[in-house]
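These notes concern the structure reproduced below.
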Amino acid sequence: MSAATNPSPGLRERKKIKLRHTIQTAALRLFERQGYEHTTVEQIAEAAETSTTTFYRYFPTKEDVVLDNDASPLFETTAAERPADEPLTATVRAAMGAVVAAAEADRDFTLARMRLVATVPALEARYAGEERRTIELLTGLLADRTGRPHDDYQVELIAFVLAGVLFTASRRWVADQGATALSTLVDQALTTVEPLLATLEG
């Protein structure tokens, strides 16, 4: 895709992205210092040097300040930009690789976010919905790339396995406090399940 059809964000959009990240970073610091339940939106807004009105413009709830991320759009964009005739395994690796690279680029932030998800029941419950959306996203990719229906049993099964790759690797990464690179964990898991992907193209 050319630069003309996929332009870089303008100054206004970059400012929005920066403020969004500033609010999330301030929130995570407060959550780690005084606990998720004991931190208010007002405190987060003050720490981010913004207003509660601005906070709610970016994040509808306190849960969203932790859970909101660009993983799904990044996965979709990367997959869409891949050559239509390349092997399915290459497309999946590229799309997952983009998501993993973004997570590792902001390693401390991502680890803090995932630690909260693992320890706060309200966040864990909402995160289950994110897992379901990931499975749906992978199902769509596999079906569209292979010409199979979305409700094809094999497509659904392999989408579930691939989602497990991402979430299991992420949980191990957090449990080990990032000792092993997330990209290494995902690569190991993908190497194990790639024969399944190959069956969709057979």
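Report the residue count in region 140-171 for those that are small (Gly, Ala, Ser) and buried (at least 18 other Cβ atoms within 10 Å of the Cβ). Counting residues in region 140-171 that are small (Gly, Ala, Ser) and buried (at least 18 other Cβ atoms within 10 Å of the Cβ) gives 5.
Looking only at region 106-139, residues that are among the basic types (Lys, Arg) and surrounded by 16 or more Cβ atoms within 10 Å (Cβ to Cβ) come to 3 in all. Close contacts from region 73-99, counting a first residue that is surrounded by 14 or more Cβ atoms within 10 Å (Cβ to Cβ) and a second that is in a helix (DSSP H, G or I) and of a type in the set (Ser, Thr, Tyr), with Cβ to Cβ under 7 Å and a gap of 6+ residues or different chains, come to 79/91; 82/91; 88/146; 94/78; 95/78; 98/78.
Quick check on residue 174: is it buried (at least 16 other Cβ atoms within 10 Å of the Cβ), in contact (Cβ under 8 Å) with a residue 12 or more places away in the chain and within 21 Å of residue 109 (Cβ to Cβ)? Yes.
A quick yes/no check of all residues on (1) at pLDDT below 95; (2) basic (Lys, Arg):
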| position | (1), (2) |
| --- | --- |
| 2 | yes, no |
| 18 | yes, yes |
| 44 | no, no |
| 55 | no, no |
| 60 | no, no |
| 68 | yes, no |
| 85 | yes, no |
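Tell me, yes or no, whether region 129-142 has at least one residue that is at pLDDT below 95 and among the polar types (S, T, N, Q). Yes - at least one qualifying residue is present in region 129-142. Within region 7-36, restricting attention to residues that are free of Cβ contacts under 8 Å to residues at least 24 places away in the same chain and not in a helix (DSSP H, G or I), the residue that is surrounded by the fewest Cβ atoms within 10 Å (Cβ to Cβ) is 8.
Checked against (1) of a type in the set (A, V, I, L, M, F, W, C); (2) outside any loop (DSSP other than H, G, I, E, B); (3) out of contact with any Lys or Arg (no Cβ under 6 Å at 6 or more places or on another chain); (4) under 27 Å from residue 146 (Cα atoms), residue 84 passes all but a single condition, namely (2).
Specify which of the listed residues (93, 33, 107) is of a type in the set (Lys, Arg) and not assigned by TED's automatic domain parsing to the domain that holds residue 189.
33
The values are calculated or read from the model by the stated rules, or taken from the named source; none is laboratory data. As the structure is a computational prediction, the values presented were derived from the model and not from experiment. All Cβ positions, glycine included, derive from the backbone under ideal geometry; neighbour counts span all protein chains shown.
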